[in-house]
Amino acid sequence: MQRSPYRPASEGTPMTLRLVQFLTQDGARRVGVAAEDARTLTLLPGVERVYDLAMAVLAEGGASLEAAVRARMSGGESVDYEAVVQEKRLLPPLDHPEPSRCHITGTGLTHLGSADTRDKMHKSTTAAEEATLTDSMRMFRWGLEGGRPAAGAVGAQPEWFYKGNGHFVVPPEQPLVSPAFAEDAGEEPELAGLYVIAPDGTPVRIGFALGNEFSDHVTERKNYLLLAHSKLRQSSFGPELRLGPAPADIRGTSRIRRDGQIVWEKPFLTGEANMSHSLANLEHHHFKYAEHRIPGDVHVHYFGTATLSFADGMRTRAGDVFEIEAPEFGRPLRNPLRVAENGAGLVRVRAL
């Protein structure tokens, strides 16, 4: 190990902290802080899980998670970040010791370009499909008109969907597996909010990460009522958890590599400056349900996108690599695509 290049606050403006969870070469869990150049990770002594540190800060009434991290990292040891990535030892930057208590959800039609993308994806000729499209456009307009309420007011409800629990989460650099029954396997580059629920039931935002809200767009296009099925897929976020507020204007790049070559690439915009809803409004409509405020739970919420390769006619295949990056979030999120060869067939339920 080597000494960390972390620059103390006294030497200038403190860098924004970006946390990474990973495994050591002997399989132990660790948490590190990414250096500004993303070459090394400064280890947090005695910390194996971001969740544990966050809950300890809440239990102790600490000022902030950032303060707790800074107190532990000054003068700490560091490890080679590149080695962690190349050896595929990354973990999701926030998880729960009990995966079923990590809830993965999202909202759609939230970005200023969302309606155009949805319209392009849902180009249709039948009356039924046109009616579905009209519903999507209506919801998008509700967001434009009421998605940014005044402080203290409640705004328009967004489209909301469930993606599964922690068992559906894939670490960065690991394959996203499309089930055998799926009709498509497409990326969605998004901003994800990462939360824990405090002992008193208050939702607490830990920070933000880049996410790939992996979905089945062919299934969704058949009929918008199949959106729920199209979203029940694995997803990935990270590799870095950015503490503090999200930048208002995030400009990133989403690309697909095939056999080492880029076969599709497009910039994407996110952050509140590029959204029809405020983050606070989206958070309210998720956490307004008491069942989403169970103390100790973890929530990962995808905030939507306006950029899809599927809308450009791209069809992915096994072996493709999704790559999503934005400068404010450090290293890119990468996941290869794998298609399950065999499904469960007809699932039979037995009586007890």
Review point. Does Arg221 meet the test of being outside any helix (DSSP H, G or I) and basic (Lys, Arg)?
Key: no
Point to revise | Residue identified as surrounded by 14 or more Cβ atoms within 10 Å (Cβ to Cβ) and in a helix (DSSP H, G or I) among Ala54, Ala67, Ala71 | key: Ala54
Practice item. Just give me the residues in region 81-97 being touching a residue at least 24 places away in the same chain (Cβ under 8 Å) and either surrounded by fewer than 22 Cβ atoms within 10 Å (Cβ to Cβ) or not in a loop (DSSP other than H, G, I, E, B) (or both), in sequence order. Key: Tyr81, Glu82, Val84, Val85, Glu87, Lys88, Arg89, Leu90, Asp95, His96, Pro97
Point to revise | Residues of region 142-158 classified as free of Cβ contacts under 8 Å to residues at least 12 places away in the same chain and either exposed (fewer than 15 other Cβ atoms within 10 Å of the Cβ) or touching an Asp or Glu at 6+ places or on another chain (Cβ under 9 Å) (or both), total | key: 5
Revision key, fill the gap. Apart from one, (1) modelled with pLDDT under 95; (2) under 20 Å from the mean Cα position of the chain (by Cα); (3) of a type in the set (Asp, Glu) all hold for Asp95; the odd one out is (1)
Study note, to complete from the structure: Gly143 fails exactly one of (1) among the small types (Gly, Ala, Ser); (2) within 21 Å of Asp95 (Cβ to Cβ); (3) in a helix (DSSP H, G or I), namely (2)
Exercise for review: Please verify whether region 142-158 includes one or more residues that are at pLDDT 95 or above and more than 26 Å from Val263 (Cα to Cα).
Suggested key: no
Practice item. Could you list all residues from region 236-286 that are over 16 Å from the mean Cα position of the chain (by Cα) and of a type in the set (Phe, Trp, Tyr)? Key: Trp264
**Study point:** Residues being outside any loop (DSSP other than H, G, I, E, B) and crowded, with 20+ Cβ neighbours inside 10 Å - total across region 13-50
**Key:** 15
Practice item. Consider only pairs whose beta carbons are under 6 Å apart and that are at least six residues apart or on different chains; among these, list those whose first residue lies in region 17-43 and is charged (D, E, K, R) and whose second residue is surrounded by fewer than 18 Cβ atoms within 10 Å (Cβ to Cβ). Key: Arg29/Glu48; Arg30/Thr24; Glu36/Met15
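The values are calculated or read from the model by the stated rules, or taken from the named source; none is laboratory data. These numbers were taken from a predicted model, which means no experiment stands behind them. Reconstructed Cβ throughout: ideal geometry from the backbone, glycine too, with neighbour counts over all protein chains shown.
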